[in-house]
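Here is the structure we will look at.
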Ligand code: WAQ
Ligand code: MG
């Protein structure tokens, strides 16, 4: 099958009155065949317009033809860790991160960076050993794009595993599968910036996608996305992979 894809990306923000710092509302990225572009743009438009972080006064939807060949990859194994408080959630997250080989120091640094920094659009790359910041993207971070999980295949996966279909979880699983398959990535830590969504996760290629049911209090608009990366690796090429290499998730029942 020689199908060509288009990368469709959306970004919505709120500028408010003059001089106010831009507030990120929503972003989204899909891969679409030419014939499905209208539907893809519509989906992203709806996502940006109906967001719990607020009503955007700026939105951009961009289309790019993808020249690079698409790589198909399996979703990560998924588990849910039930916790009863935010504190318990972070204890579980720390434990999981250490299990992937991230150093204690890097975990501490990540938590410090997340609380000090207001990266709300992308992810922060942190050295999994030293804890130093590896990307130079300031408060924008690195935005992973050019990934997707076709609805039909995702639907079968969700049914097989007994998960209710959840577009947010689908998106996070897709991103985590793309990110964690890069050999330089040790682990990912994430929770949403949507005030109403408190479940987050730790992911790694061997650890899988480990959901944690409470990583922040309801009402909190501070999200987090940290990629722990081997500091000895070629960071430029890792970022290029995250932003540019097209990846589609494909689940097979026998895997
Ligand atoms: N690339 C890099 N960073 C991103 C991207 C991206 N494509 N999308 C979002 N982020 C960053 C950004 O800084 C956001 O503020 C933060 O992640 C959170 O994004 O039930 O919904 O889309 O299994 O709000 C995880 C649990 C939900 C799902 C995560 O994140 C489940 C979520 P959100
Ligand atoms: Mg969000």
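The values are calculated or read from the model by the stated rules, or taken from the named source; none is laboratory data. Quick caveat, the model's predicted, so the values are computed rather than measured. Note that each Cβ is placed from the backbone with ideal geometry, even for glycine, and that neighbours are counted across all protein chains shown.
Within the range 174-202, restricting attention to residues that are within 11 Å of ligand 2 (Cβ to nearest atom) and in a loop (DSSP other than H, G, I, E, B), which residue is surrounded by the fewest Cβ atoms within 10 Å (Cβ to Cβ)?
196
From (1) modelled with pLDDT of 95 or more; (2) assigned by TED's automatic domain parsing to the domain that holds residue 163; (3) away from ligand 1 (no atom under 15 Å from the Cβ), pick out the condition that doesn't hold for residue 136.
Here residue 136 meets the rest and fails (1).
Of all residues in the range 3-26, how many are crowded, with 20+ Cβ neighbours inside 10 Å and within 16 Å of ligand 1 (Cβ to nearest atom)?
Result for the range 3-26: 9.
I'd like to know if the range 13-30 contains one or more residues that are in contact with a strand residue (DSSP E or B) (Cβ under 9 Å, 6 or more places away or on another chain), assigned to a helix (DSSP H, G or I) and either within 19 Å of residue 120 (Cα to Cα) or within 16 Å of ligand 2 (Cβ to nearest atom) (or both).
no
Of everything in the range 117-167, what is out of contact with any helix residue (DSSP H, G or I) (no Cβ under 9 Å at 6 or more places or on another chain), at positive phi and away from ligand 2 (no atom under 16 Å from the Cβ)? Give them in sequence order.
Result: 138, 162.
If you scan the range 143-156, which residues turn out to be assigned to a helix (DSSP H, G or I) and either within 19 Å of the chain's Cα centre (by Cα) or modelled with pLDDT under 95 (or both)?
151, 154
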